[in-house]
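The values are calculated or read from the model by the stated rules, or taken from the named source; none is laboratory data. From a predicted model like this one, the values you see are computed outputs, not experimental measurements. Positions of Cβ are backbone-derived with ideal geometry, glycine not excepted, and every protein chain shown enters the neighbour counts.
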């Protein structure tokens with residue numbers, strides 16, 4: 001009989017970006033409600049609520065359809081160009097109240113999942129250079145060009161406002177492939193981005209982190225930090241086990257899924273991640289095995305070839321997949337498929 005392990009809890013995102021998108025679409029002459037309706041195939045679009053979060057993994061449908069709906073191959077950049085970034089949530093206000101850019105980015109990384117559960121952002125420092133990684137991940141879907149180019153330009157505008165217009169990048173990388181024309185990227189970013197990179201990343205001079213902000217307000221910052229901690233704690237989806245499962249679901253079969261890579265994505269050391277999982281009576285190996293098993297069962301039920309199932313579950317060879325499957329189910333993948341066929345026949349009888 002089919003046995004499905006539950007997927008990780010659905011991630012969500014705040015309505016902040018959607019509010020900015022509605023305004024930007026209207027500025028460019030597009031009806032925002034109609035654009036969203038068409039992107040979602042005519043389905044009813046949930047109303048835009050100030051405090052209503054939306055399911056994160058639904059977002060790709062909008063971004064994948066947007067260029068075709070608008071007829072603009074660079075629509076993500078053009079939306080960000082007309083956006084007026086301003087604080088619309090606790091994270092936005094924290095950025096403005098921070099003493100300097102470094103503290104603002106500390107807040108952004110700490111509370112990134114209030115903005116979007118799919119963020120895997122972190123700040124890396126090396127010599128005189130700083131790198132802000134702002135990867136945004138979805139199950140089964142690679143980096144979305146329109147979304148990430150829009151987000152990159154929006155981040156530049158936000159960080160410029162925090163640093164009184166002094167923020168400048170020396171490099172920019174995207175995970176998606178290069179478009180056929182780069183004139184708009186060069187115009188709006190002031191440089192030619194690198195494409196097909198390991199991360200979506202802004203590169204800038206490290207000394208910018210210490211530039212004081214004119215809008216700094218230490219007392220307000222402390223109050224807002226406390227509020228952000230409360231909001232983050234209320235996100236059940238943000239529990240560690242769920243975040244590790246989601247990272248595995250995103251990367252399984254596409255890249256190496258090991259403890260070090262997961263810890264890096266969650267901005268933890270491998271030892272810290274191990275300890276935290278142990279405190280919850282779990283381990284990275286157990287969660288890895290759980291996600292592999294759930295995917296294997298699902299894909300076998302869908303009729304995918306066994307070799308493809310093994311590859312999608314992160315197995316380079318069939319023999320270790322067969323050993324793992326016997327351990328999970330007590331039988332071979334073929335035997336499991338036969339049981340499914342018998343169960344289906346009995347259901348139809």
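Of all residues in the range 149-179, those that are without any contact (Cβ under 8 Å) to a residue 12 or more places away in the chain and more than 20 Å from residue 21 (Cα to Cα) total 1. Select from the range 213-242 the residues that are modelled with pLDDT of 90 or more and touching a strand residue (DSSP E or B) at 6+ places or on another chain (Cβ under 8 Å) and write down the one among them that is surrounded by the fewest Cβ atoms within 10 Å (Cβ to Cβ). Among them, the one singled out is 216. Exactly one residue out of 339, 277, 299, 304 is modelled with pLDDT under 95, assigned to a helix (DSSP H, G or I), surrounded by fewer than 17 Cβ atoms within 10 Å (Cβ to Cβ) and not assigned by TED's automatic domain parsing to the domain that holds residue 122, and it is 339. Scanning the range 153-198 for residues that are surrounded by 14 or more Cβ atoms within 10 Å (Cβ to Cβ) and closer than 16 Å to residue 210 by Cα returns 159, 160, 161, 162, 163, 167, 168, 169.
Residues that are in contact with a strand residue (DSSP E or B) (Cβ under 9 Å, 6 or more places away or on another chain), in a strand (DSSP E or B), surrounded by fewer than 19 Cβ atoms within 10 Å (Cβ to Cβ) and free of Cβ contacts under 8 Å to residues at least 40 places away in the same chain are absent from the range 200-208 altogether. Screening the candidates 286, 295, 275 for the property of being free of Cβ contacts under 8 Å to residues at least 24 places away in the same chain, more than 19 Å from residue 109 (Cβ to Cβ) and in contact with a helix residue (DSSP H, G or I) (Cβ under 9 Å, 6 or more places away or on another chain) yields one hit, 286.
Is it the case, given these coordinates, that residue 128 is surrounded by fewer than 21 Cβ atoms within 10 Å (Cβ to Cβ), free of Cβ contacts under 8 Å to residues at least 24 places away in the same chain and touching a strand residue (DSSP E or B) at 6+ places or on another chain (Cβ under 7 Å)?
Numbers: surrounded by fewer than 21 Cβ atoms within 10 Å (Cβ to Cβ): yes; free of Cβ contacts under 8 Å to residues at least 24 places away in the same chain: no; touching a strand residue (DSSP E or B) at 6+ places or on another chain (Cβ under 7 Å): yes.
Against the criterion (surrounded by fewer than 21 Cβ atoms within 10 Å (Cβ to Cβ), free of Cβ contacts under 8 Å to residues at least 24 places away in the same chain and touching a strand residue (DSSP E or B) at 6+ places or on another chain (Cβ under 7 Å)), residue 128 does not qualify.
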